[in-house]
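Report on the following structure.
The values are calculated or read from the model by the stated rules, or taken from the named source; none is laboratory data. Just so it is clear, the model here is predicted, and its values are computed rather than measured. A quick note on method: Cβ atoms are made from the backbone with ideal geometry, for glycine too, and the neighbour counts reach across all protein chains shown.
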Amino acid sequence: MTPTREDAYQLLTRYNESESLIKHALAVEGVMRYMAKKRGADEEKWGIIGLIHDLDYEKFPDQHCTKTEEILRENQWPEEYIRAVISHGWGICSDVEPQSEMEKVLYAVDELTGLVTTTALVRPGKSVMDLKAKSVKKKWKDKRFAAGVDRTIIEKGADMLGMELGELITDTITGMREVAEDIGLKGEAER
(Lines give C-alpha, C1' and ligand atoms only; values in the text may rest on other atoms or scores of the structure.)
Protein backbone atom coordinates (compact mmCIF):
# COMPACT_ATOMS: atom_id res chain seq x y z
CA MET A 1 0.00 0.00 0.00
CA THR A 2 1.25 3.47 -0.84
CA PRO A 3 -0.03 5.82 1.85
CA THR A 4 -1.70 9.09 0.89
CA ARG A 5 -1.33 12.40 2.65
CA GLU A 6 -4.84 11.87 4.04
CA ASP A 7 -3.78 8.48 5.48
CA ALA A 8 -0.79 10.17 7.11
CA TYR A 9 -2.80 13.08 8.50
CA GLN A 10 -5.48 10.78 9.94
CA LEU A 11 -2.83 8.64 11.62
CA LEU A 12 -1.03 11.73 12.93
CA THR A 13 -4.20 13.18 14.47
CA ARG A 14 -5.25 9.81 15.88
CA TYR A 15 -2.07 9.74 17.98
CA ASN A 16 -1.53 13.48 18.51
CA GLU A 17 -3.88 16.12 19.88
CA SER A 18 -1.28 18.74 20.78
CA GLU A 19 -1.58 21.77 18.51
CA SER A 20 2.15 22.43 18.75
CA LEU A 21 3.06 18.85 17.69
CA ILE A 22 0.63 18.98 14.76
CA LYS A 23 2.03 22.36 13.68
CA HIS A 24 5.55 20.93 13.96
CA ALA A 25 4.53 17.98 11.74
CA LEU A 26 3.03 20.40 9.18
CA ALA A 27 6.19 22.53 9.27
CA VAL A 28 8.44 19.53 8.65
CA GLU A 29 6.08 18.36 5.88
CA GLY A 30 6.32 21.78 4.21
CA VAL A 31 10.11 21.78 4.36
CA MET A 32 10.34 18.19 3.10
CA ARG A 33 8.08 19.02 0.14
CA TYR A 34 10.16 22.10 -0.67
CA MET A 35 13.44 20.16 -0.43
CA ALA A 36 12.04 17.35 -2.62
CA LYS A 37 10.93 19.86 -5.25
CA LYS A 38 14.36 21.52 -5.19
CA ARG A 39 16.02 18.13 -5.72
CA GLY A 40 13.59 16.79 -8.32
CA ALA A 41 12.42 14.08 -5.90
CA ASP A 42 8.95 12.77 -5.01
CA GLU A 43 7.30 15.67 -3.16
CA GLU A 44 4.33 13.59 -2.03
CA LYS A 45 6.47 10.84 -0.48
CA TRP A 46 8.87 13.28 1.19
CA GLY A 47 5.96 15.36 2.50
CA ILE A 48 4.12 12.34 3.93
CA ILE A 49 7.29 11.21 5.72
CA GLY A 50 7.75 14.70 7.14
CA LEU A 51 4.14 14.76 8.31
CA ILE A 52 4.28 11.40 10.05
CA HIS A 53 7.83 11.52 11.49
CA ASP A 54 6.81 12.23 15.12
CA LEU A 55 3.70 10.05 15.07
CA ASP A 56 4.37 8.46 18.47
CA TYR A 57 5.86 11.47 20.26
CA GLU A 58 2.83 12.69 22.20
CA LYS A 59 1.55 9.36 23.51
CA PHE A 60 4.82 7.40 23.70
CA PRO A 61 7.70 9.89 24.17
CA ASP A 62 9.84 7.28 25.93
CA GLN A 63 9.37 4.91 22.95
CA HIS A 64 9.89 7.54 20.24
CA CYS A 65 10.57 6.01 16.81
CA THR A 66 10.08 2.46 18.19
CA LYS A 67 6.33 2.90 18.60
CA THR A 68 6.06 4.68 15.24
CA GLU A 69 7.68 1.67 13.59
CA GLU A 70 5.09 -0.62 15.23
CA ILE A 71 2.16 1.60 14.23
CA LEU A 72 3.31 1.98 10.62
CA ARG A 73 3.93 -1.79 10.30
CA GLU A 74 0.44 -2.51 11.68
CA ASN A 75 -0.93 -0.20 8.99
CA GLN A 76 1.15 -1.90 6.24
CA TRP A 77 3.25 1.15 5.37
CA PRO A 78 6.11 0.58 2.90
CA GLU A 79 9.50 -0.29 4.36
CA GLU A 80 11.12 2.77 2.75
CA TYR A 81 8.73 5.10 4.63
CA ILE A 82 9.23 3.27 7.92
CA ARG A 83 13.03 3.35 7.62
CA ALA A 84 13.04 7.05 6.75
CA VAL A 85 10.90 7.95 9.74
CA ILE A 86 12.97 5.87 12.16
CA SER A 87 16.25 7.32 10.83
CA HIS A 88 15.36 10.83 12.00
CA GLY A 89 15.99 9.62 15.56
CA TRP A 90 19.49 8.36 14.77
CA GLY A 91 21.83 8.64 17.72
CA ILE A 92 18.99 9.72 20.03
CA CYS A 93 16.40 6.97 20.08
CA SER A 94 17.28 4.93 16.98
CA ASP A 95 20.36 3.23 15.60
CA VAL A 96 19.13 3.56 12.00
CA GLU A 97 21.53 5.96 10.31
CA PRO A 98 20.10 8.24 7.59
CA GLN A 99 21.35 6.93 4.23
CA SER A 100 19.16 8.32 1.44
CA GLU A 101 18.93 11.99 0.57
CA MET A 102 15.36 12.01 1.90
CA GLU A 103 16.44 10.55 5.26
CA LYS A 104 19.31 13.01 5.59
CA VAL A 105 17.03 15.97 4.87
CA LEU A 106 14.50 14.81 7.48
CA TYR A 107 17.29 14.34 10.02
CA ALA A 108 18.67 17.83 9.33
CA VAL A 109 15.42 19.82 9.25
CA ASP A 110 13.44 18.24 12.10
CA GLU A 111 15.22 20.13 14.89
CA LEU A 112 15.83 23.16 12.67
CA THR A 113 12.10 23.80 12.15
CA GLY A 114 11.86 24.22 15.93
CA LEU A 115 14.61 26.82 15.99
CA VAL A 116 13.09 28.69 13.02
CA THR A 117 9.65 28.65 14.68
CA THR A 118 10.99 29.97 17.99
CA THR A 119 13.01 32.66 16.22
CA ALA A 120 9.94 33.78 14.24
CA LEU A 121 7.78 33.89 17.39
CA VAL A 122 10.09 36.31 19.24
CA ARG A 123 10.09 38.77 16.34
CA PRO A 124 7.52 41.59 16.23
CA GLY A 125 5.70 40.18 13.18
CA LYS A 126 5.69 36.58 14.48
CA SER A 127 6.16 35.42 10.91
CA VAL A 128 8.46 33.37 8.71
CA MET A 129 7.47 35.49 5.72
CA ASP A 130 10.15 38.12 6.39
CA LEU A 131 12.53 35.94 8.44
CA LYS A 132 16.12 35.68 7.20
CA ALA A 133 18.75 33.05 7.93
CA LYS A 134 20.97 35.62 9.65
CA SER A 135 18.28 36.17 12.33
CA VAL A 136 18.18 32.43 13.02
CA LYS A 137 22.00 32.25 13.07
CA LYS A 138 22.12 35.10 15.58
CA LYS A 139 19.76 33.17 17.89
CA TRP A 140 21.76 29.98 17.22
CA LYS A 141 24.68 31.33 19.22
CA ASP A 142 22.57 31.85 22.36
CA LYS A 143 22.45 28.34 23.82
CA ARG A 144 19.70 29.41 26.27
CA PHE A 145 17.45 30.38 23.35
CA ALA A 146 15.37 27.36 22.26
CA ALA A 147 17.55 25.31 24.60
CA GLY A 148 15.69 22.11 23.65
CA VAL A 149 16.89 22.34 20.05
CA ASP A 150 19.95 20.13 19.57
CA ARG A 151 22.17 22.23 17.34
CA THR A 152 24.72 19.43 16.91
CA ILE A 153 22.08 17.32 15.11
CA ILE A 154 21.36 20.19 12.72
CA GLU A 155 25.10 20.63 12.06
CA LYS A 156 25.56 16.90 11.53
CA GLY A 157 22.59 16.89 9.13
CA ALA A 158 23.98 19.84 7.16
CA ASP A 159 27.33 18.02 6.92
CA MET A 160 25.63 14.82 5.70
CA LEU A 161 23.93 16.86 2.98
CA GLY A 162 27.10 18.77 2.11
CA MET A 163 25.27 22.04 2.78
CA GLU A 164 26.38 25.21 4.49
CA LEU A 165 24.34 25.89 7.62
CA GLY A 166 23.08 29.21 6.21
CA GLU A 167 21.78 27.48 3.06
CA LEU A 168 20.01 24.81 5.12
CA ILE A 169 18.40 27.49 7.30
CA THR A 170 17.30 29.48 4.22
CA ASP A 171 15.78 26.36 2.62
CA THR A 172 14.00 25.49 5.87
CA ILE A 173 12.53 28.99 6.16
CA THR A 174 11.44 28.87 2.50
CA GLY A 175 9.72 25.51 3.00
CA MET A 176 7.98 26.79 6.12
CA ARG A 177 6.72 29.86 4.25
CA GLU A 178 4.71 27.55 2.00
CA VAL A 179 2.72 26.34 5.03
CA ALA A 180 3.00 29.53 7.12
CA GLU A 181 -0.74 29.94 7.56
CA ASP A 182 -1.23 26.32 8.66
CA ILE A 183 1.54 26.57 11.27
CA GLY A 184 0.49 30.00 12.59
CA LEU A 185 3.57 31.85 11.30
CA LYS A 186 2.14 33.94 8.51
CA GLY A 187 2.16 36.99 10.75
CA GLU A 188 -0.37 39.75 11.25
CA ALA A 189 0.55 41.84 8.22
CA GLU A 190 0.29 38.92 5.82
CA ARG A 191 -3.25 37.75 6.70
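Considering the range 60-92, the residues that are more than 24 Å from Gly30 (Cβ to Cβ) and not in a helix (DSSP H, G or I) include one that is modelled with the lowest pLDDT, namely Gly91.
Among the conditions (1) surrounded by 22 or more Cβ atoms within 10 Å (Cβ to Cβ); (2) within 15 Å of the chain's Cα centre (by Cα), the only one that Trp77 does not satisfy is (2). Just wondering, is there one or more residues in the range 99-117 that are part of a loop (DSSP other than H, G, I, E, B), modelled with pLDDT of 95 or more and within 14 Å of the chain's Cα centre (by Cα)? The answer is no, given that none of the residues of the range 99-117 is part of a loop (DSSP other than H, G, I, E, B), modelled with pLDDT of 95 or more and within 14 Å of the chain's Cα centre (by Cα). Inside the range 179-189, residues that are surrounded by fewer than 17 Cβ atoms within 10 Å (Cβ to Cβ) and under 21 Å from Tyr9 (Cα atoms) make up a count of 2. Scanning the range 123-150 for residues that are part of a loop (DSSP other than H, G, I, E, B), aliphatic (A, V, I, L, M) and modelled with pLDDT of 95 or more yields Val128, Met129, Leu131. When Ser135, Ser127 are checked against the criterion of being closer than 13 Å to Ile173 by Cβ and in contact with a Leu (Cβ under 7 Å, 6 or more places away or on another chain), Ser127 stands alone in meeting it.
I'd like to check something: does the range 32-48 contain any residue that is aliphatic (A, V, I, L, M) and outside any helix (DSSP H, G or I)? Yes; the residues of the range 32-48 include at least one that is aliphatic (A, V, I, L, M) and outside any helix (DSSP H, G or I). Tell me whether the range 155-162 contains one or more residues that are at pLDDT 95 or above and part of a loop (DSSP other than H, G, I, E, B). Looking through the range 155-162, at least one residue is at pLDDT 95 or above and part of a loop (DSSP other than H, G, I, E, B).
In contact (Cβ under 8 Å) with a residue 60 or more places away in the chain, under 29 Å from Thr66 (Cα atoms) and within 17 Å of the chain's Cα centre (by Cα): is that true of Gly184 in this structure? No, not satisfied. Has the range 155-173 got at least one residue that is among the polar types (S, T, N, Q) and either within 22 Å of Gly40 (Cα to Cα) or surrounded by 21 or more Cβ atoms within 10 Å (Cβ to Cβ) (or both)? Within the range 155-173, one or more residues are among the polar types (S, T, N, Q) and either within 22 Å of Gly40 (Cα to Cα) or surrounded by 21 or more Cβ atoms within 10 Å (Cβ to Cβ) (or both).
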